[in-house]
Amino acid sequence: MRPDVELEWVTHLTDAELATAIGDGALSRARGLMESGHVGSPTTNAEGTVIICSVTGSTGSKYTTVIRADTAAQGTVWHGSCTCPVGSLCKHVGAVLLYLRSRARNTGSRDWEDMLESILASQELESDGDLAPLGLQVGEVARTSGMREGRRHLGETTGSVPRLRLRPVVRGKTGRWRTGGKSWQDVTTSFNALQQYLPDHVRALAHLKASAHGTRPEWQRAEDVYLDELDEAGWAALVSAYLAGVDLVGTGSFEKVLLAPGAQLAVDLTTTDDHTLALPYVRIDLGGGHLSEVGAYPPARERTAVTLEGDPAHGVSAPIGDGTLVIAPLLHPVDTPLRRFTEAPVEIPHDDQAKFLHGYLPVLRQVVDVTSTDGSVEVPDPLIPQLLLTVRIGPEHRSRIELVFRYSGGGEVVDVPFLEDPSERSIARDRSREAALLERAGRDLEAVAGLDLPHTVAANLGPSDTAILVDTTVPRLREVGVLVEIIGSAADFRRATDAPRVSISSAPGLEARTDWLDLRVSVHVGDEEAPMESVLSALAHDSEVLVLPSGTYIPLDGPELAALRRLVAESRELTDAPAGTVQVSRYRSDQLEELAHLDLLDSDIAAWANSLQALADVAGRPTPPPPAGLRADLRPYQAEGYSWLSMLWDAKAGGILADDMGLGKTLQTLAVVQRGKEAGDVGPIGSPDGAAPVLVVCPTSVIGTWVHEAERFAPGLKVTPLRATATRRSGTLADEIAGADIVVTSYAIARLDAEDLAGLTFSALVLDEAQFVKNPRTATHRAVATLRAPRRLAMTGTPVENSVADLWSILALVTPGLLPRHDVFVKNYRKPIEAGDQPEVLEELRRRIRPFLLRRTKELVERDLPPKQEQVMYVDLSPTHQRAYDRHLQRERQRILGLLEDIGKNRVSVLSSLTTLRLAALDPALADREGTPGEHSTKITTLLEQLDAVLSEGHKVLVFSQFTGFLKAVRERLRSAKIPHLYLDGATRDRDSVVSAFRGGEAPVFLISLKAGGFGLTLTEADYVFLLDPWWNPAAESQAVDRTHRIGQERPVNVYRLVSAGTIEEKVLALQERKRDLVARVVGDGAGSGAPLTAEDVRSLLEE
């Protein structure tokens, strides 16, 4: 902007005046463009009445705005045009005026850039007296061979037209303009240019040169600049130079050159006897309301040769008067198709006149002015498009909306869809005006729900979107010129002024409830209540507002309704509740606590929520006195566990007692059952006071342990083992368990006799070694889910063995609804947690399960246990053994790698090959299935060496292996070495007598298969453990070790893991370490493993 120009009229321009001129919506968007720095550097003339500026649109396109003001009128009259599709009085014009007004009003408080600009401008002005102005000479030059054909006279198709060349000139000593041998480079880019010429002129001509040369290929960029190579930006640069004071100088036949603000191609229609003629001419805006109509045909008043400059043409030139050349930019460029229309008058037969007027004229007048000055052709009024939004109101405040373009004019109205079938096109569409309409209404249209222009222009709206549309969006759309038709009877939609009152209650009493609470949600605004179905529908569909029957609506973003929204969403994840209802699990203490904190719950539900939340504070609650019939002194941590179990019992709730193996989970459970017995909750079937027995489901091998432990610690409880199915029992189930306080049965019988057991109601259900029901797809899991008991307790030292999904399976049985449905849990919890990249998801899971899971590790209570030393002993294979292993490795590696592309489909084959490698690491004879097992096993030899030293000191030893074939090979070597031993695997029939024999001291070595002896045994007589082969799941190994490192052990326990060096066993050990932390992260210790073997896990096992 020229530093000496004061734009006083812009300073007094008000927002109201701007809004009247360009519309409220355009003004809002103009302010966004201005504040985002989209306005370039404006250029003005000396009087400040012409402003030219470039503006970057919201889509990145650059537009040139020209604003003219008449300050001599009564009050300033101004108008703005633009090269954008709107054409005039658009947001780009508004952005320039807002920018100039801001600068003018803040002259005294400019930022650093404005201040420096002022300093630079003042420096330039001070030296202006010593600097020379520049001019621009416009003159014809003959076209030479190789010059581009960029000029042609209007109405002509051929002819060599000279080009108009632009050359910089300077004033001589006589004051006349002359070239003085100055080139464009001399006056724009040379080192001395700014020291010789006015800076504004230098910058303006440099900009012009760059704009002109920017249209040429690099190799064609010669020194000269020609008018016919100026594009839209080039003409804007020429206007800017003129406004900066660069004089236009004629030469040759042109004494004077006039730069007009703009020109428009026009067509005049007239008739002859046989035809309708379309005669092209040009209207040139000379400024001040004066037009010059020039051309070779009527109605041009100036019969002169008009030249189209460029191809496509962005400007025109024409000689007018005596020696005057007028040049002007075209408002609409003339491209090649339109240029052909200007080459000569177009003759239209009378028979085709109607076709021309209705089929072609509407398209033609989008780019040219069309008149009939002699009135011989009746030119129809143009059809002007508007946006039309139709809103059809239906029942229950629902609506159907549709957006079209409505063309109207001359009494004709045509509605045109956005995406029209070309074969059904009824009118010629004005795409430029349509784009301008969308540009003006864009932001307000984006607020209409369901619309995604231009792809989706019709939608069905629910009550929430309908209310917002009619109440807030429709008025804004009308302000920016969108036609809106509302069909049907719309309610008086209005935003509520009163705050909503929300309450949640439950009809049945707590004692009658099952695991689910059916909630009633009530929302009142003033004296009006929203129907519950409407409330739940709005929340479930994530609506922005809730609409009441009267049309009053309330936002759903308040804390009470936001909490209610989460409740509804999670209710959908937990269970398929009937429509119009909300069900929440009685175990969602965190959710209920949030609602209670917002004072939304009735007193009964709030009390229940508080009692559940108290479960999370194990140490902070008072410990109830131990029952009188308990024959044991509880350790401190066992007393805490008993207290926690007592609270679960009293609340008729469920949970998981997940203490480490060997910490006395059975004792703690017997204590709370004894307490229930003394309180009248536990008793035989059919007790008159409503008491019922406790049902314990456990592995078959553990049934005897429950019987013996109950006799020892709670002799007052009658325990009945249920070992036979219905087909083998002589009487009914009720007869079989008559008089029992505790019924102990196996998972197999629970599955086979599910129907009989589900027909009885127990006071509590205990699932011992609950990892046996970790797979929800098994018949056992489904059978246990049908058992009826108000209290459910799972006991397991490994709540997570292979995946976090194990935890879901157990909790689904004991705390239904605490976690979402299995598919939702896998998506929202298991996958993110096992990926390890969303710690917040893990924390949310821990917070949710915390009140219902109690876990103490041996490290937490180590003062009650002797130390445990663990050591990995690497075994170097003998040469014979190593060769045999390598042979298997090469064969199985290739086979496995070929199967990993689809590990899900090939998992069984992959595991089979891995098992072969593991057997080869133990004993080649096991993998080859030939030879004598144990004969060439380096690991058995190492074990015997270790046993010699250990047994000589009087210790007792447990030896574990997963492979019974290898364990039997060890047994044969022990026999050969005359070492006394006992043996236990899954085929052992008299299991109890074998265990008793070891505990009685009949042999110092006990060989046990990992599967048969990993749980249900207490073998504290041993203090040495040898694990002969590592397993991917470290929890299985921990279970084995805990047979001896548990309560009752008085000596330090030494654990040795024998690992064959350089084999797959080393890789398995590393895999254990990578997967060990999952349980630690979920439930607080490192006894478990991660997810099942992945393809990446298998590849790591086979790495060199």
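The values are calculated or read from the model by the stated rules, or taken from the named source; none is laboratory data. Quick caveat: nothing in here was measured; it's all calculated off a predicted structure. Counting neighbours? That spans all protein chains shown, and the Cβs are built from the backbone with ideal geometry, glycine included.
Observations on the model:
- Entry remark, region 263-272: residues being within 23 Å of Pro162 (Cα to Cα) and surrounded by 20 or more Cβ atoms within 10 Å (Cβ to Cβ) number 2 in total.
- Flag for Ala447 being touching a helix residue (DSSP H, G or I) at 6+ places or on another chain (Cβ under 9 Å), farther than 30 Å from Leu27 by Cβ and of a type in the set (A, V, I, L, M): no
Residues are listed down the side, and each one gets a yes or a no for (1) surrounded by fewer than 22 Cβ atoms within 10 Å (Cβ to Cβ); (2) at pLDDT 90 or above; (3) not assigned by TED's automatic domain parsing to the domain that holds Pro715:
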site	(1), (2), (3)
Asp590	yes, no, yes
Pro624	yes, no, no
Gln638	no, yes, no
Trp644	no, yes, no
Ala651	yes, no, no
Leu657	no, yes, no
Asp660	no, no, no
Leu667	yes, yes, no
Gln674	no, yes, no
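- Test: Ala222 is closer than 21 Å to Arg143 by Cα, of a type outside the set (Lys, Arg), at pLDDT below 85 and surrounded by fewer than 20 Cβ atoms within 10 Å (Cβ to Cβ): yes
- Unique match (being exposed (fewer than 15 other Cβ atoms within 10 Å of the Cβ), at pLDDT below 60 and within 22 Å of Ile504 (Cα to Cα)) among Pro549, Pro559, Pro578: Pro578
- Single residue of region 241-258 satisfying the filter (touching a helix residue (DSSP H, G or I) at 6+ places or on another chain (Cβ under 8 Å) and crowded, with 19+ Cβ neighbours inside 10 Å) that is nearest to Pro133 (Cα to Cα): Val246
- Considering region 964-1000, the residues that are assigned to a loop (DSSP other than H, G, I, E, B) and farther than 21 Å from Asp923 by Cβ include one that is nearest to the chain's Cα centre (by Cα), namely Thr988.
- Subset of region 847-884 (residues that are surrounded by fewer than 14 Cβ atoms within 10 Å (Cβ to Cβ) and either under 27 Å from Asp806 (Cα atoms) or free of Cβ contacts under 8 Å to residues at least 40 places away in the same chain (or both)): Arg847, Glu859, Glu862, Arg863, Pro879, Arg883
- Matching residues in region 348-363 - criterion: being outside any helix (DSSP H, G or I) and surrounded by fewer than 12 Cβ atoms within 10 Å (Cβ to Cβ): Pro349
- Criterion violated by Phe1006 - all others in (1) surrounded by fewer than 24 Cβ atoms within 10 Å (Cβ to Cβ); (2) touching a strand residue (DSSP E or B) at 6+ places or on another chain (Cβ under 9 Å); (3) at pLDDT 90 or above satisfied: (1)
- Extreme residue, surrounded by the fewest Cβ atoms within 10 Å (Cβ to Cβ), among residues of region 81-127 that are assigned to a loop (DSSP other than H, G, I, E, B) and at pLDDT 80 or above: Leu89
Condition check ((1) farther than 21 Å from Thr1018 by Cα; (2) in contact with a Phe, Trp or Tyr (Cβ under 8 Å, 6 or more places away or on another chain); (3) free of Cβ contacts under 8 Å to residues at least 40 places away in the same chain) across all residues:
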position: Glu945; (1), (2), (3): yes, no, yes
position: Leu951; (1), (2), (3): no, no, no
position: His955; (1), (2), (3): no, yes, no
position: Leu958; (1), (2), (3): no, yes, no
position: Ser961; (1), (2), (3): no, no, no
position: Arg973; (1), (2), (3): yes, no, yes
position: Pro980; (1), (2), (3): no, no, yes
position: Asp985; (1), (2), (3): no, no, yes
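- Region 1001-1013: number of residues that are under 17 Å from Leu1058 (Cα atoms) and part of a helix (DSSP H, G or I): 1
- Residue selected from region 506-530 under the condition loosely packed, with under 13 Cβ neighbours inside 10 Å and either touching a strand residue (DSSP E or B) at 6+ places or on another chain (Cβ under 6 Å) or assigned to a loop (DSSP other than H, G, I, E, B) (or both), by the criterion modelled with the lowest pLDDT: Gly509
- Residue within region 682-692 that is touching a residue at least 60 places away in the same chain (Cβ under 8 Å), under 21 Å from Thr786 (Cβ atoms) and assigned by TED's automatic domain parsing to the domain that holds Leu793 present: yes
- Scanning region 910-928 for residues that are among the charged types (D, E, K, R) and at pLDDT 85 or above returns Arg918, Asp923.
- Subset of region 324-344 (residues that are in a loop (DSSP other than H, G, I, E, B) and either modelled with pLDDT of 85 or more or under 30 Å from Ala237 (Cβ atoms) (or both)): Asp335, Thr342, Glu343
- Residues that are in a loop (DSSP other than H, G, I, E, B) and surrounded by 13 or more Cβ atoms within 10 Å (Cβ to Cβ), drawn from region 716-741: Gly716, Leu717, Lys718, Arg723, Ala724, Thr725, Arg729, Ile737, Ala738, Ala740, Asp741
- Positions within region 758-782 being hydrophobic (A, V, I, L, M, F, W, C) and either surrounded by fewer than 19 Cβ atoms within 10 Å (Cβ to Cβ) or modelled with pLDDT of 95 or more (or both), in sequence order: Ala758, Leu760, Phe762, Ala764, Leu765, Val766, Leu767, Ala779
- When we screen Gly934, Gly954 for residues that are at pLDDT 85 or above, assigned to a loop (DSSP other than H, G, I, E, B) and over 20 Å from Trp1031 (Cβ atoms), the only hit is Gly954.
- Condition met for Ala263 (under 25 Å from Ile51 (Cβ atoms), within 60 Å of the chain's Cα centre (by Cα) and modelled with pLDDT of 85 or more): yes
- Out of Asp823, Asp806, one residue alone is farther than 30 Å from Leu947 by Cβ, surrounded by 16 or more Cβ atoms within 10 Å (Cβ to Cβ) and not assigned by TED's automatic domain parsing to the domain that holds Leu1058. It is Asp806.
- Taking the criterion of being of a type in the set (D, E, K, R) and under 56 Å from the mean Cα position of the chain (by Cα), the residues of region 726-765 that qualify are Asp741, Arg751, Asp753, Glu755, Asp756.
- Pair list, Cβ < 7 Å and 6+ apart or interchain, from region 259-272 residues that are aromatic (Phe, Trp, Tyr) to residues that are not in a strand (DSSP E or B): none
- Filter result (surrounded by fewer than 19 Cβ atoms within 10 Å (Cβ to Cβ), in a loop (DSSP other than H, G, I, E, B) and not hydrophobic (A, V, I, L, M, F, W, C)) within region 30-56: Ser36, Gly37, Gly40, Ser41, Asn45, Glu47
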